[in-house]
Amino acid sequence: MTRVFISSSHDTEKLAQELSTALEHAGIPTWLDFKELSPGDRIDAKVEDAIQRSNVFLILFSNQWHGPSPWQDAEWQVLWKATLRDPDMKIVPLLIDRANAPTIWRNWVPLRIESDKFNRDQVASVIGRVAEKAGGNEARLSPEERQAFLERMDLMEQAAKSLRTADEPR
């Protein structure tokens, strides 16, 4: 079964949450640090467990990203060690607008989205890419799930617009 580990920073947290919700509505479970970790948890142990139980990894980068936070750095250290054990890991750098992935993630083909054009088609592309990377076709939805999914996509479009607005010079 596909399980997606989503690595985000503060500037992509809202989009990460929306992607997580959309993927889960498509029947693909996700792991997000701010959803799964609680005070007192050992970050490295929890992240390592989540990485071992995941088979696709989305790493989000926006124009606002200026390097990993200590939290994201902890995730990346564990993920990087895992890539040394399994060089075929399915990692999808998700580049928002003109963002670039840092050097360590440039061996994996990215998926680029534009926040001002972010829509259902791009979300479907993300879900399709995730399912493709996992070797599955788990993104099929019932009519009820599809309606709920489309409603979530409307919320994602709003989140993308707010990201674009936050990126504009003041």
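The values are calculated or read from the model by the stated rules, or taken from the named source; none is laboratory data. For clarity, every value in this text was computed on a predicted model and none was experimentally measured. All Cβ positions, even for glycine, are placed from backbone atoms using ideal geometry, and neighbour counts span all protein chains on display.
Candidates in the stretch 1-38 are the residues that are basic (Lys, Arg) and under 20 Å from ASN55 (Cβ atoms); of these, the one that is surrounded by the most Cβ atoms within 10 Å (Cβ to Cβ) is ARG3. Looking only at residues of the stretch 77-117 that are charged (D, E, K, R) and surrounded by 17 or more Cβ atoms within 10 Å (Cβ to Cβ), we find that the one that is modelled with the lowest pLDDT is LYS90. Within the stretch 12-30, the set of residues being in contact with a strand residue (DSSP E or B) (Cβ under 9 Å, 6 or more places away or on another chain) and closer than 20 Å to PRO110 by Cβ comprises THR12, GLU13, LEU15, ALA16, LEU19, SER20, LEU23, ILE28, THR30.
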